[in-house]
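Below: one structure, written as structure tokens.
The values are calculated or read from the model by the stated rules, or taken from the named source; none is laboratory data. Keep in mind the model is a prediction, meaning the values are calculated, not measured. Glycine also receives a Cβ, built like all others from the backbone with ideal geometry; neighbour counts cover every protein chain displayed.
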Amino acid sequence: MPHNTFNSLQKFKIGKKSAKFYSLPALGKALGIDIQRLPVSIRIVLESVLRNCDGKKVTEQHVKELAGWKPNAPRTTEIPFVVARVVLQDFTGVPLLADIAAMRSVADRMGKNPKKIEPMVPVDLVVDHSVMIDYFGTNKALDLNMKLEFQRNQERYQFMKWGMQAFDTFGVVPPGFGIVHQVNLEHLARGVHHDASNNVYYPDTLVGTDSHTTMINGIGVVGWGVGGIEAEAGMLGQPLYILTPDVVGVELKGELRGGVTATDLVLTLTELLRKQKVVGKFVEFCGPGTSSLSVTDRATIGNMAPEYGATMGFFPVDDRTLHYFQGTGRTQDEIDALKAYFKAQGMFGVPQAKDIRYSQLVTLDLSTVTPSLAGPKRPQDRIEIGDVKQTFAGLFVEQSANGFNQPAEKLEQVFTTSAGTKVKNGDILIAAITSCTNTSNPSVLLAAGLMAKKAVEAGLKVPKHIKTSLAPGSRVVTDYLTKTGLLPYLEKLGFNVAAYGCTTCIGNAGDLTPDLNEVITQNGLVCSAVLSGNRNFEARIHPNIKANFLASPPLVVAYALAGTVMRDLMTEPVGKGKKGDVWLGDIWPTNAEVQALLGTALNPTVFRSNYAEIKTNPGKLWKNISGVTGDVYDWPTSTYIAEPPFFADFGMTPAPMPPVANARALAIFGDSVTTDHISPAGSIKETSPAGVWLKEHGVSQADFNSYGSRRGNHEVMMRGTFANVRIKNLMIPPNADGSRFEGGETIHQPSGERLPIYDAAMKYIAQGVSTVVFGGEEYGTGSSRDWAAKGTQLLGVKAVIARSFERIHRSNLVGMGVLPLQFKGDDSVGSLGITGKETYDITGLENGIKPQQDVTLTIHREDGSVQHVAMLLRIDTATEVDYYLHGGILPYVLRELLAA
């Protein structure tokens with residue numbers, strides 16, 4: 001345990017018991033600082049810095065700097081943040097496990113003890129991303145989808161079972177229990193931790209390998225999403241280094257009106273906070289409206305922090321938090337400790353805006369929130385329900401990045417599939433109650449069930465060609481939908497439980513029928529999906545569905561009944577029932593009806609018995625998986641799991657990073673290129689480089705599975721990097737109609753040959769030519785996909801040059817030894833006339849690297865002219881400099897562990 005820094009190790013009472021804690025009030029007194037004026041989220045991070053102050057990685061200067069946080073100071077200092085635990089989902093967790101297994105292999109080959117490589121904090125991996133909606137609309141869907149899941153993923157699950165026995169602090173929540181964020185909220189989160197050997201209590205903090213880890217902010221836990229690269233460092237005892245953040249206070253006033261859901265609120269906040277430019281900042285909620293929100297509403301808002309761009313969407317601990325802990329089956333001792341600890345720290349309760357010094361204050365009156373959807377391509381593009389039809393019709397003909405560039409006369413045309421199904425533009429083909437955003441929230445799920453009941457009683461039906469699904473965030477949801485008698489009504493509309501996992505929102509919607517795919521592709525139709533998710537980026541939900549709308553679960557049901565977004569549900573009936581037209585108001589549940597059922601959703605006995613089964617009854621499918629044993633993995637031949645190449649030629653002394661000279665552009669992208677565009681995701685095309693490789697290795701197309709499921713094999717993943725069917729490389733000439741070509745191709749220079757980006761990258765590597773990638777604003781938005789950075793590195797890219805970066809992706813690029821460079825002022829690809837035919841040098845790093853220094857990009861044009869452009873190096877901290885010089889965070893950490 002660190003020494004008693006600043007005389008801050010104090011005693012406090014939990015009932016009649018005495019315990020110790022690192023007191024922030026005592027620290028404030030020692031430093032002459034009013035700690036109570038600091039944002040609560042900053043105080044929790046400060047506690048970690050104080051408690052872990054060892055005079056080496058965490059110094060007294062770090063404590064003083066953060067304790068002296070000022071709302072609007074320049075952000076130049078870094079915080080070494082040691083987290084209490086790490087949470088993984090399986091798509092990101094498997095490659096992370098592969099990296100750590102590879103570290104053990106390196107240690108073993110070097111004659112060192114492989115057990116030196118061991119997670120230093122508890123790590124939980126929740127298997128929730130591997131199930132797909134192949135079967136739906138039947139009570140057998142759940143069983144059939146899980147059986148397929150286990151068939152497809154046996155090799156991955158064997159690897160996870162090896163990890164469970166190889167590492168002492170690595171646990172797995174098997175498939176079928178729920179979404180990682182909801183399992184985290186309901187079960188894994190502790191509120192406060194107890195170091196029994198020293199009788200010291202400290203707050204629950206974490207990072208997770210999914211950007212929506214922020215759902216946990218709803219119960220006062222500081223945590224956010226990081227790439228697997230950063231998570232590995234945190235697992236292996238490294239502090240996470242973050243620039244001291246701004247904290248934006250969001251003061252909520254008033255109350256939500258009847259008929260307005262938590263989803264409507266979060267879509268409103270996403271739109272509002274995107275405009276406030278909160279990217280990379282902490283967002284902390286305060287005020288009387290915040291106090292009135294249930295914990296599940298708070299979790300819904302915290303979950304969407306990546307969509308509004310914030311590092312966190314934080315809610316302090318208060319009586320509602322205690323009530324939630326009690327309802328979800330935590331022990332009375334834990335609840336008493338949580339309350340006593342936060343009261344002792346002066347952090348219990350939601351503060352008023354005037355009591356805290358925030359960098360900026362944003363106010364929202366909850367009574368102004370209206371029923372809304374968001375789309376068709378971005379979560380921040382909110383549309384009031386009465387404007388959906390008109391907005392879609394406008395975007396249908398609009399020639400813009402957000403438009404669909406279609407002839408107006410085509411909007412009302414009817415097309416018939418080979419199976420006789422009539423389809424129009426705007427028709428809904430996928431309606432999914434899915435994703436962590438809303439399946440944490442009983443109020444919206446019960447509302448969906450009540451709406452289904454009223455719709456069935458009115459005689460409404462969902463068209464059979466719509467792919468409907470219900471994928472609850474945990475098995476507890478099914479329990480309360482069953483007890484309230486609502487599940488049968490959802491089932492009658494096709495919303496049968498199809499999975500407990502992250503499905504449609506991450507592209508695991510499964511395929512449409514062949515006749516629907518055919519009519520869409522042959523006629524260029526703009527069909528729709530409506531889902532209660534948090535992401536709707538292009539090609540994410542399904543490659544053939546171009547318009548994707550986020551909505552609350554009851555609105556998903558309503559639009560499934562309507563069958564199209566070209567019906568205005570405020571002025572037109574939802575459909576025809578037994579007695580004629582049925583309007584939305586006829587079937588929309590009242591707040592009183594929802595409230596009457598909410599008591600069934602928090603039953604401690606149900607939560608305790610459900611999560612006890614992780615160990616006592618994980619299911620026959622999981623029990624039947626047999627994994628290898630031993631401290632070192634033997635890397636059997638597999639197209640799912642392969643030893644990663646990141647430690648090739650590893651030595652204890654890092655080789656110098658070579659200069660970037662005479663480089664070529666691998667691709668040039670515009671604004672808002674997401675990690676969905678960059679990282680392999682979704683289905684694998686047979687003709688793609690990844691598909692060709694799999695076929696060469698004896699895998700039939702039926703067994704390709706998804707890119708996500710193959711994240712443990714770099715050969716597949718590097719072939720799928722920049723291969724998204726909707727990505728637009730500006731080096732490719734426009735189509736005949738002036739629109740931009742979509743797909744992962746580029747022009748190899750100087751040959752002028754048009755190739756898949758992977759093939760061009762391999763050609764450059766074979767020729768010994770370095771490459772760079774150019775981007776626009778907000779490069780790398782979206783999920784914390786470590787493969788967006790890993791794939792970029794394996795393709796030989798030495799630098800990514802953009803107008804601005806999203807937080808996690810920038811950090812991950814540095815973590816993989818790739819330079820992130822930012823244009824200065826008004827400079828851009830367009831203003832500088834960059835076409836991709838040039839060669840490029842990057843200079844200014846030869847005599848040492850300083851965080852955020854200037855570097856020079858030299859552009860050598862075809863006509864012989866040369867231009868020197870000043871750029872900002874986005875290696876932001878001194879620690880990141882070390883990571884880069886070691887070739888990335890993984891070699892850095894491994895050298896440190898093996899040297900100990």
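Structure summary
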item: Hits in segment 834-855 - residues which are β-branched (V, I, T), farther than 20 Å from L730 by Cα and either surrounded by 14 or more Cβ atoms within 10 Å (Cβ to Cβ) or not assigned by TED's automatic domain parsing to the domain that holds S770 (or both); result: I842, I849, V855
item: Residues of segment 452-475 that turn out to be among the hydrophobic types (A, V, I, L, M, F, W, C) and out of contact with any Leu (no Cβ under 9 Å at 6 or more places or on another chain), as a count; result: 2
item: Wholly enclosed helices (runs of 4 or more DSSP H) of segment 437-542 bearing at least 2 residues more than 30 Å from A419 (Cα to Cα), of a type outside the set (A, V, I, L, M, F, W, C) and more than 19 Å from the chain's Cα centre (by Cα); result: 442-458, 475-483
item: Residue match in segment 591-608 (condition: at negative phi and among the charged types (D, E, K, R)); result: yes
item: Hey, F136 at pLDDT below 90 and in the same structural domain as H194 (by TED's automatic domain parsing) or not; result: no
item: I79 vs. criteria crowded, with 21+ Cβ neighbours inside 10 Å and assigned to a helix (DSSP H, G or I); result: no
item: Residue within segment 513-526 that is under 21 Å from A681 (Cα atoms) and of a type in the set (D, E, K, R) present; result: no
item: Per-region count, segment 99-142, residues out of contact with any Ser or Thr (no Cβ under 9 Å at 6 or more places or on another chain), assigned to a loop (DSSP other than H, G, I, E, B) and farther than 24 Å from G227 by Cα; result: 9
item: Complete set of residues in segment 521-564 that are of a type in the set (A, V, I, L, M, F, W, C), touching a Phe, Trp or Tyr at 6+ places or on another chain (Cβ under 9 Å) and within 23 Å of I727 (Cα to Cα); result: L525, V526, A529, V530, L531, A547, F549
item: Near pairs, Cβ below 7 angstrom, 6+ apart or cross-chain, from segment 254-273 (touching a residue at least 24 places away in the same chain (Cβ under 8 Å) and not assigned by TED's automatic domain parsing to the domain that holds R382) to any residue that is assigned to a helix (DSSP H, G or I) and surrounded by fewer than 17 Cβ atoms within 10 Å (Cβ to Cβ); result: G254/S367; E255/S292; E255/S367; R257/S367; G258/N591
item: Test: T290 is part of a helix (DSSP H, G or I), modelled with pLDDT of 95 or more, surrounded by fewer than 24 Cβ atoms within 10 Å (Cβ to Cβ) and β-branched (V, I, T); result: no
item: Residues that are touching a helix residue (DSSP H, G or I) at 6+ places or on another chain (Cβ under 8 Å) and farther than 12 Å from T434 by Cβ, drawn from segment 486-511; result: L486, L487, Y489, L490, K492, L493, G494, N496, D511
item: K20 being free of Cβ contacts under 8 Å to residues at least 12 places away in the same chain, part of a strand (DSSP E or B) and not assigned by TED's automatic domain parsing to the domain that holds V317; result: no
item: The lone exception for R156 - which of (1) among the basic types (K, R); (2) under 24 Å from the mean Cα position of the chain (by Cα); (3) modelled with pLDDT of 95 or more it fails; result: (3)
item: Which listed residue is closer than 26 Å to R740 by Cα, assigned by TED's automatic domain parsing to the domain that holds V557 and among the polar types (S, T, N, Q), from N441, N405; result: N405
item: Among the candidates R754, R810, residue that is basic (K, R), closer than 18 Å to S679 by Cβ and in the same structural domain as G670 (by TED's automatic domain parsing); result: R810
item: Any chance A310 is in a helix (DSSP H, G or I) and not hydroxyl-bearing (S, T, Y); result: no
item: Among (1) within 24 Å of K377 (Cα to Cα); (2) surrounded by fewer than 16 Cβ atoms within 10 Å (Cβ to Cβ), the one test that K422 misses; result: (1)
item: Y559 vs. criteria in a helix (DSSP H, G or I), under 28 Å from T484 (Cα atoms), among the aromatic types (F, W, Y) and assigned by TED's automatic domain parsing to the domain that holds N402; result: yes
item: Criterion violated by D786 - all others in (1) modelled with pLDDT under 95; (2) of a type in the set (D, E, K, R); (3) in contact with a Phe, Trp or Tyr (Cβ under 8 Å, 6 or more places away or on another chain) satisfied; result: (3)
item: Test: residue in segment 644-657 that is crowded, with 19+ Cβ neighbours inside 10 Å, touching a His at 6+ places or on another chain (Cβ under 6 Å) and over 30 Å from T858 (Cα atoms); result: yes
item: Qualifying residue in segment 624-634 (condition: buried (at least 23 other Cβ atoms within 10 Å of the Cβ), part of a loop (DSSP other than H, G, I, E, B) and out of contact with any strand residue (DSSP E or B) (no Cβ under 9 Å at 6 or more places or on another chain)); result: yes
item: Selection count where residues are under 18 Å from the mean Cα position of the chain (by Cα) and outside any helix (DSSP H, G or I), scope segment 214-239; result: 7
item: Any pair with Cβ under 6 angstrom, 6 or more apart, that starts in segment 115-132 at a residue that is within 24 Å of A498 (Cα to Cα) and ends at one that is among the hydroxyl-bearing types (S, T, Y); result: S130/S709
item: Of the criteria (1) modelled with pLDDT of 95 or more; (2) over 26 Å from the mean Cα position of the chain (by Cα), which one V556 fails; result: (2)
item: Test: residue in segment 163-179 that is among the hydrophobic types (A, V, I, L, M, F, W, C), outside the structural domain of K11 (by TED's automatic domain parsing) and assigned to a helix (DSSP H, G or I); result: yes
item: Per-region count, segment 742-801, residues of a type in the set (S, T, N, Q) and either part of a helix (DSSP H, G or I) or within 26 Å of the chain's Cα centre (by Cα) (or both); result: 6
item: Residue tally, condition touching a helix residue (DSSP H, G or I) at 6+ places or on another chain (Cβ under 8 Å) and in a helix (DSSP H, G or I), over segment 184-213; result: 7
item: The listed residue being in contact with a helix residue (DSSP H, G or I) (Cβ under 8 Å, 6 or more places away or on another chain), part of a helix (DSSP H, G or I) and not assigned by TED's automatic domain parsing to the domain that holds S440, out of D333, D297; result: D297
